[in-house]
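We did not get these values from a lab; they are worked out from the coordinates using the rules stated. The structure presented is a predicted model; accordingly, all values stated were derived computationally and were not measured. Cβ sites come from the backbone with ideal geometry, for glycine too, and all protein chains shown count toward neighbours.
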Amino acid sequence: MSLRKTLDRYSKNINENADSRQKKLYKTFLFTVKFLIAGLVFQLILFIDPSTYQIQAAFTSLIAFLLSTAGLELTYTGIRIFTSEATYVIVQDCLGWKSMAAFIALIYASASRTLEHLNYILLGLAILFAANIVRVLTTVYLSEIGLISFDIIHGTLWRWSLTVVVLALWVYWFKNLKDREMFEDKIRSQLKTVKSE
């Protein structure tokens, strides 16, 4: 018997025979197990350490374009941005991929059918990508104009910024969209259409 069938059978038994406390414990248990599975996938990606140089170079050219549009004089090559004051290197972590992975993991761990929420996942990833651009752009720009030192803005302010965005996106989804059964509603309406014909 597959793990999915076992969990479904256990879930049905919990729903029929358990009190609300046991149901909450079961949901917490499922969330924890699924989040740990997502964490294992994340650790596997870190272990494999795939090359993202081309993505970093494309992101560097985007950031360099936006910075020069904002009035900074700079040059760039590969994953480095050169200004009169400093050299900035766009490393793998500057891509914001860990925040995106955490967002997907939270949705996966919380949803019974993750694919039903694919549109929101894609929207969330787009928002995280835009927030990451703002994060990297303001880190370089504010340190270049001397408003805030690079260490303070990079090490303190923006280290937690994407975490807040991830949690805000997840909490919004959890409170407003999680329990919508999109596919089941579509299937029911299609069955009604077929029956009426």
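Brief remarks follow.
- Measuring against 29 Å, Cα to Cα, the residue pairs 34/175; 5/175; 24/192; 98/175; 5/98 contain 24/192; 5/98 as the ones spanning a longer distance.
- Backbone phi angles across segment 117-122, fed through the Karplus curve with coefficients 6.51, -1.76 and 1.60 (θ = phi - 60°), yield HN-Hα couplings of 10, 4, 4, 5, 4, 5 Hz in residue order; Gly and Pro are listed as x.
- Highest mean packing first, where packing is the average number of other Cβ atoms within 10 Å per residue, the peptides 46-57, 127-138 line up as 127-138, 46-57.
- Stretch gain in nm, segment residue 66-residue 127, where the contour uses 0.36 nm per residue and the Cα spacing is subtracted: 20.2 nm
- Potential lengthening between residue 46 and residue 24 on full extension [0.36 nm per residue; Cα-Cα distance subtracted]: 4.7 nm
- Positive contributions from Lys and Arg (+1) and negative ones from Asp and Glu (-1), summed over other residues with Cβ under 15 Å from the Cβ of residue 100, come out at +1.
- Charge dipole (Cα centre; +1 on Lys/Arg Cβ, -1 on Asp/Glu Cβ; no other charges) of segment 92-189 amounts to roughly 200 debye.
- Shape of segment 92-189, Cα gyration tensor, a/c cut at 1.5: prolate
- Label positions at residue 119 and residue 149, each projected 7 Å from the Cα along the C-beta direction, are separated by 4.9 nm.
- In nm, spacing of pseudo-spin labels at residue 167 and residue 55 (7 Å Cα→C-beta vector): 2.5 nm
- Whole-angstrom gap from segment 44-109 to segment 143-170, using each part's C-alpha centre: 14 Å
- Which of 143, 84 has the fewest Cβ neighbours within 10 Å, and the rest in rising order: 84, 143
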